[in-house]
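Worksheet: one structure, shown below.
The values are calculated or read from the model by the stated rules, or taken from the named source; none is laboratory data. Since we're looking at a predicted model, the values are computed, not measured. Because the Cβ atoms are built from the backbone with ideal geometry, glycine has one as well, and the counts that use them run over all protein chains shown. Just so you know, the surface numbers come from the protein's heavy atoms only, side chains and all, with ligands and any DNA or RNA stripped out. Shrake-Rupley method; radii C 1.70, N 1.55, O 1.52, S 1.80 Å.
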Amino acid sequence: MKLLLCRTIILYLCVLFAMRLMGKRQLGELQPSELVTTFMISNVASICIDEPDLPLLSSLVPILLIAALEILN
């Protein structure tokens, strides 16, 4: 139970960091591509929370990669 709680907190902080890194705070400020990126990040994070057997890096790396690609776009 503690492991799932820690994984959820780490993923939440990573998603929060990625969204802040992209520079958008409100849903109304998002362009369509940024909205898709937001949905993709949340989906990747939820997979790792739902499947505790997966390594945490299997979600952290894609989340940061998606955020980096959005910033470079």
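Summary value for the chain: 42 percent relative contact order, contacts being C-alpha pairs under 8 angstrom separated by 6+ residues.
Estimated from the Cβ-Cβ distance and a Förster radius of 25 angstrom, the FRET efficiency linking F39 and L4 is about 0.60. Every helix of 4 or more DSSP H residues in the chain counts as -39500 (n - 2.57), and over all residues that averages to -26000 deg cm²/dmol at 222 nm. With 0.36 nm allotted per residue and the present C-alpha distance subtracted, the F17-I71 stretch has 18.2 nm of extension available. Let me test this: with uniform point scatterers at the alpha carbons of the chain, what is the Debye-based log₁₀ I(q)/I(0) at q = 0.15, 0.26, 0.27 1/Å? At q = 0.15, 0.26, 0.27 Å⁻¹ the computed log10 ratios are -0.47, -1.17, -1.23.
With the other protein chains left in place, how much accessible area per residue, in square angstrom, belongs to the chain at a 1.4 angstrom probe?
Working: 5210 Å² over 73 residues.
Averaged over the residues of the chain, the accessible area is 71 Å².
Share of carbon and sulfur in the accessible area of the chain stands at 70%, probe radius 1.4 Å.
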